[in-house]
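The values are calculated or read from the model by the stated rules, or taken from the named source; none is laboratory data. Because the structure is a prediction, the values reported are computed rather than measured. We place every Cβ from the backbone using ideal geometry, glycine too, and count neighbours over all the protein chains shown. We work out accessible area using only protein heavy atoms, side chains counted, and drop any ligands, DNA or RNA first. Shrake-Rupley method; radii C 1.70, N 1.55, O 1.52, S 1.80 Å.
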Amino acid sequence: MFSGQDAVNTYAVLLKSFPKFLWGMRIALILAFVLHIGTSIRLSIKNRAARPISYGQNKPVRASVASRTMLLSGLVVLSFVLFHLAHLTLGWINPEQANLIDAQGRHDVYNMTVLGFQNIYIASFYIIAQIFLSMHISHGFSSSAQTLGLAVDSKWAIFLRRFGVCFALLIAALYISIPASVWLGIIETEL
Ligand code: HEM
């Protein structure tokens, strides 16, 4: 996005020039997503069933805010991805922007994205969703490493927790930089 229209539209053509690979990835991602959401909701229900009467006093000692809000952040990310697909893949939100064609006859993904982020509500929703995504990843990373038995000792556990937080912050910062740069006039339309 920071390299401009030609870089993005060339990349988008590349993504779509291997339809078998693209659909393979899409099916694998959808399966992983559905399994992830299904098992997480099931786990959440089991957790609540295991403690029908909540603690009289709930003062968590070690549990981070991110770990205590995984269901919430997960649901925000789910609603983001559904909106995002409707917005930039299916073109349902701004059809006139989704059907733009560039000078070389290619789908103008670059201007579709920049024009989309000139809408303050869309840009704000993307930015807020990245913050929740970051919270979800910050705990999910170390928690999944623990589930897979990678946190072999406390040193590793600490390293994985810190790595997870840094990785999550990097993802959020990079993604937030796109709508924010459209608003700061760093990324502009090339029409
Ligand atoms: C500000 C951040 C983001 C921007 C600017 C962005 C941009 C885009 C664009 C332009 C497309 C359409 C590509 C094309 O059709 O050529 C796309 C598709 C997609 N994005 Fe994003 N994206 C962002 C964040 C995310 C995040 C956080 C996720 C996942 C949690 C995500 C998941 C997807 C998926 C699954 C597709 C569909 C790919 C396909 O067609 O199979 N995106 N994104």
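Structure values in brief
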read-out	value
Per-q log10 I(q)/I(0), the chain, q = 0.09, 0.14, 0.15 Å⁻¹ (Debye; single scatterer per alpha-carbon; no solvent)	-0.45, -0.96, -1.06
The chain: most fluctuating residue of Leu133, Leu169, Leu150 per GNM, C-alpha cutoff 10 Å	Leu150
Solvent-accessible heavy-atom area per residue, rounded to whole Å², over the chain at 1.4 Å	69 Å²
Solvent-accessible area, 1.4 Å probe, carbon plus sulfur percent, for region 64-183	71 percent
Highest average packing first - 137-144, 20-27, Cβ atoms within 10 Å	137-144, 20-27
Pairwise FRET efficiency - Phe83 versus Asn47, Cβ, R0 = 30 Å, nearest 0.05	0.60
